[in-house]
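Taking it in order: structure first as structure tokens, then the write-up.
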Amino acid sequence: MGRQKLEQTARDLIAEGKGILAADETVSTITKRFATLKIESTEDSRRAYREMFFTTPDVSAFISGVILQDETIRQKNDAGIALTEVLSKQGIIPGIKVDTGAKVLAGSPEEKMTEGLDGLRDRLKEYAAMGARFAKWRAVIRITDRLPSPVCVSVNAHALARYAALCQEQGIVPIVEPEVLMDGSHTIERCEEVTSSILLAVFHALFEQCVGLEGMLLKPSMVIAGKNCSKQASVQEVATATLRCLRRHVPAAVPGIVFLSGGQSEVLATSHLNAINKLDLPKPWKISFSYGRALQDPAMEAWRGKQQNLKAAQQAFYHRAKCNSAAAIGKYTSTLEGKKSAQEAAVHRSDWHDD
Ligand code: 13P
């Protein structure tokens, strides 16, 4: 029964044409993003910002779930209704980020190791009681000529699998997120090589720790050239390399792959997702989105912390959710964007990675 429930939640999260909003930035990350638009960061302003997304009319046609953060999952709206309840009433599944951040890796100080396993079983119990039905844990892998080191890959893969096993024990669907950063000047080929080795290590660890693949989702980065690489790959090249890499390393039992946007512009992130879905190759899993910045940035710019901009911000969010929903079934076209073409928006966006 528990297993069936898990598998059903995983399938609901990747229902046809739907994806996930990642709204789980830590207080320090959201504060930095707010600061670029001179928005004050307080518990109330952060709540108002998140509520703007959660109450966007009809957005549940495109958004299946939202990843929250510890502060948000405990918050209530002005009427005293928990934000998790606000989401559930919209038909959106609440999820929770449960890692406690990527910290310097002892022994390899240029790299990071994601922490948060201590006490995780009890925290998951608490989050489940508050309504969370899925969770997220993000591992961060940096590429240089020498990195990632083998130890960085193995400790992060091990922690992802420990987390996933604990989630499933508590009836929570784990989203397993090994993010290969876009920072750096590496080529797309190097990114594919590193992404392959990470996926290999992660699925090996998941297998060793008896994680049920049918009751989890994978949240990878796309295979893409580093931001500072002089040769940027085309949309078609990114789609081809990404799907090739995933087909080689992600078992067919995994029901869905939901990409992170990783600092790509919102239009580029949508175009890449669309191109991947359009490739004429077998895809054993659903392929959708779990974007943070690529779904939020235009809405944050429209909102700017002002109640009078709420409607414009919700329209901006609705628009991006709709475009990504189309991309999740390979039906996105640039005409859906209105004025803005893919090229106009093809600049990389905010540099603030989450902690
Ligand atoms: P971005 O789409 O902004 O990369 O955020 C997704 C996410 O959840 C990162 O952990």
Restrict the check to the stretch 266-283 and report whether at least one residue is touching a strand residue (DSSP E or B) at 6+ places or on another chain (Cβ under 7 Å), of a type in the set (Lys, Arg) and either assigned to a loop (DSSP other than H, G, I, E, B) or closer than 24 Å to Ala15 by Cβ (or both). no
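May I ask you to verify whether Ser230 is assigned to a loop (DSSP other than H, G, I, E, B) and either closer than 23 Å to Tyr291 by Cβ or in contact with a Lys or Arg (Cβ under 9 Å, 6 or more places away or on another chain) (or both)?
Numbers: assigned to a loop (DSSP other than H, G, I, E, B): yes; either closer than 23 Å to Tyr291 by Cβ or in contact with a Lys or Arg (Cβ under 9 Å, 6 or more places away or on another chain) (or both): no.
Here the answer is no, as Ser230 does not meet what is asked.
Within the stretch 143-156, can one find any residue that is within 15 Å of the ligand (Cβ to nearest atom) and either of a type in the set (Val, Ile, Thr) or out of contact with any Ser or Thr (no Cβ under 8 Å at 6 or more places or on another chain) (or both)? Before you say what the answer is, go through the steps one by one.
So in the stretch 143-156, the residues within 15 Å of the ligand (Cβ to nearest atom) come out as 156.
The next check asks that each one be either of a type in the set (Val, Ile, Thr) or out of contact with any Ser or Thr (no Cβ under 8 Å at 6 or more places or on another chain) (or both); those that pass are none.
No, the stretch 143-156 contains no residue that is within 15 Å of the ligand (Cβ to nearest atom) and either of a type in the set (Val, Ile, Thr) or out of contact with any Ser or Thr (no Cβ under 8 Å at 6 or more places or on another chain) (or both).
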Quick check, is Leu83 more than 19 Å from the chain's Cα centre (by Cα) and of a type in the set (A, V, I, L, M)? yes
Failed condition for Ser261, given (1) in a helix (DSSP H, G or I); (2) within 13 Å of the ligand (Cβ to nearest atom), with all others met? (1)
Mind checking which residues of the stretch 170-197 are touching a helix residue (DSSP H, G or I) at 6+ places or on another chain (Cβ under 7 Å) and either within 16 Å of the ligand (Cβ to nearest atom) or in a helix (DSSP H, G or I) (or both)? Val173, Pro174, Val176, Pro178, Val180, Ile188, Glu192, Thr195, Ser196, Ser197
Scanning the stretch 19-65 residue by residue, the ones that are touching a residue at least 60 places away in the same chain (Cβ under 8 Å) and of a type in the set (Gly, Ala, Ser) total 8
The stretch 306-324, residues that are in contact (Cβ under 8 Å) with a residue 24 or more places away in the chain and either more than 15 Å from Phe53 (Cβ to Cβ) or surrounded by fewer than 16 Cβ atoms within 10 Å (Cβ to Cβ) (or both): Gln307, Cys323
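Looking at the stretch 124-161, which of its residues are charged (D, E, K, R), over 16 Å from Glu179 (Cα atoms), in contact with a helix residue (DSSP H, G or I) (Cβ under 9 Å, 6 or more places away or on another chain) and surrounded by fewer than 22 Cβ atoms within 10 Å (Cβ to Cβ)?
Once the filter is applied, which keeps residues that are charged (D, E, K, R), over 16 Å from Glu179 (Cα atoms), in contact with a helix residue (DSSP H, G or I) (Cβ under 9 Å, 6 or more places away or on another chain) and surrounded by fewer than 22 Cβ atoms within 10 Å (Cβ to Cβ), the stretch 124-161 yields only Asp145.
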Report, by residue number, each residue of the stretch 73-101 that is of a type in the set (D, E, K, R), buried (at least 16 other Cβ atoms within 10 Å of the Cβ) and either in a strand (DSSP E or B) or at pLDDT below 95 (or both). Lys97
In this structure, does Val250 turn out to be more than 16 Å from the ligand (Cβ to nearest atom), within 22 Å of Ser64 (Cβ to Cβ) and crowded, with 22+ Cβ neighbours inside 10 Å? no
Give me the residue from the stretch 102-123 that is hydrophobic (A, V, I, L, M, F, W, C) and either assigned to a loop (DSSP other than H, G, I, E, B) or more than 16 Å from the ligand (Cβ to nearest atom) (or both) and, out of that set, surrounded by the fewest Cβ atoms within 10 Å (Cβ to Cβ). Ala106
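The values are calculated or read from the model by the stated rules, or taken from the named source; none is laboratory data. In this text, all values refer to a predicted model and were calculated from it rather than measured experimentally. Virtual Cβ from ideal backbone geometry, glycine too; neighbours counted across all protein chains shown.
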